[in-house]
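Taking it in order: structure first as structure tokens, then the write-up.
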Amino acid sequence: MNGAFPGIRAMTADDCDRVAEIRIRGWRHAYRGLVPQPYLDGLDVAADAERHRARLLGGDGGVVNLVAETDGGGLAGWAAFGPYRDGETRTRDAELYALYLLPESIGHGVGRALLAEAVRRCSAAGHGRMYLWVLEGNTRARRFYERAGFAADGAEEPFEVDGVAVPEVRYAKDLAAVPG
């Protein structure tokens, strides 16, 4: 990737296969050594694509999925966000559910652009705060979010992967209202 990408757009059902590849390659790159390797090795792009497709086509519109297109028309990243999930309750705050890039896209501004657009849309929608969860040991992601103005707020919880509790920490950012 040469670093150029024309923009961020809404994900379509046609993007689901590529988004699944981005997510799985992102997991394998970011979480190596943090989650059980057999779990990472067992991730299936086709099954993940079908889950994305079903969620996208059957969703109620509360979750927004964005993709970053490369200058060649391919996809380099994916982000999903919506209402903050407090257990089974959706709150008035926003949550970044996922942000994954192809490993070769890291450091080219793709993640910053996806995150900035998610923050902009959540702010424009009137959300006062945005949360996200990140694996405690994922120092690269933690530094990325901190540079974007997010801060750990002290909340922690285990994320279970293949029977192994992997600690997550919550980050938060106050959102200023911006024009939509």
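Scanning segment 32-84 for residues that are in contact with an Asp or Glu (Cβ under 7 Å, 6 or more places away or on another chain) and touching a residue at least 60 places away in the same chain (Cβ under 8 Å) yields P36, P38, Y39, L75.
Give me the residue from segment 66-106 that is of a type in the set (D, E, K, R) and under 17 Å from V169 (Cα atoms) and, out of that set, farthest from the chain's Cα centre (by Cα). My answer is D86. Only one entry of A54, A113, A46 meets the criterion of being in a helix (DSSP H, G or I), over 26 Å from F159 (Cα atoms) and not charged (D, E, K, R), and that entry is A113. Out of curiosity, is A80 in a strand (DSSP E or B), closer than 23 Å to D15 by Cα and not basic (K, R)? The answer is yes for A80. Would you be able to say whether some residue in segment 21-31 is open to solvent by less than 50 Å² (accessible area, probe 1.4 Å), in a helix (DSSP H, G or I) and either free of Cβ contacts under 8 Å to residues at least 24 places away in the same chain or β-branched (V, I, T) (or both)? Yes: one or more hits. The residue of segment 57-75 that is modelled with the lowest pLDDT, among those that are outside any loop (DSSP other than H, G, I, E, B) and under 15 Å from D15 (Cα atoms), is L57. In the condition set (1) open to solvent by 30 Å² or more (accessible area, probe 1.4 Å); (2) small (G, A, S); (3) touching a helix residue (DSSP H, G or I) at 6+ places or on another chain (Cβ under 7 Å), G111 is compliant with all but (1). Scanning segment 139-180 for residues that are under 17 Å from V119 (Cα atoms) and either small (G, A, S) or touching a helix residue (DSSP H, G or I) at 6+ places or on another chain (Cβ under 6 Å) (or both) returns A141, A148, G149, A151, A152, Y171, A172, L175, A176, A177, V178, G180.
Among the criteria (1) modelled with pLDDT of 95 or more; (2) under 21 Å from T91 (Cβ atoms), the one A177 does not fulfil is (1). Of the residues making up segment 34-43, those that are assigned to a helix (DSSP H, G or I) and either surrounded by 12 or more Cβ atoms within 10 Å (Cβ to Cβ) or of a type in the set (F, W, Y) (or both) are Q37, Y39, L40.
Give the residues of segment 126-136 that are in a strand (DSSP E or B) and either over 27 Å from P103 (Cβ atoms) or open to solvent by 40 Å² or more (accessible area, probe 1.4 Å) (or both), sorted by residue number. Result: R129, W133.
This table checks each residue for (1) exposed (fewer than 14 other Cβ atoms within 10 Å of the Cβ); (2) of a type in the set (D, E).
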| residue | (1), (2) |
| --- | --- |
| T70 | no, no |
| L75 | no, no |
| P83 | no, no |
| E117 | no, yes |
| C122 | no, no |
| N138 | no, no |
| Y145 | no, no |
| D153 | yes, yes |
| V166 | no, no |
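The values are calculated or read from the model by the stated rules, or taken from the named source; none is laboratory data. Please read these numbers as outputs of a predicted model, since none were measured by experiment. Here the Cβ is made from the backbone with ideal geometry for all residues, glycine too, and neighbour counts use every protein chain on show. The area values use the complete protein model at the heavy-atom level, side chains included, leaving out ligands, DNA and RNA. Shrake-Rupley method; radii C 1.70, N 1.55, O 1.52, S 1.80 Å.
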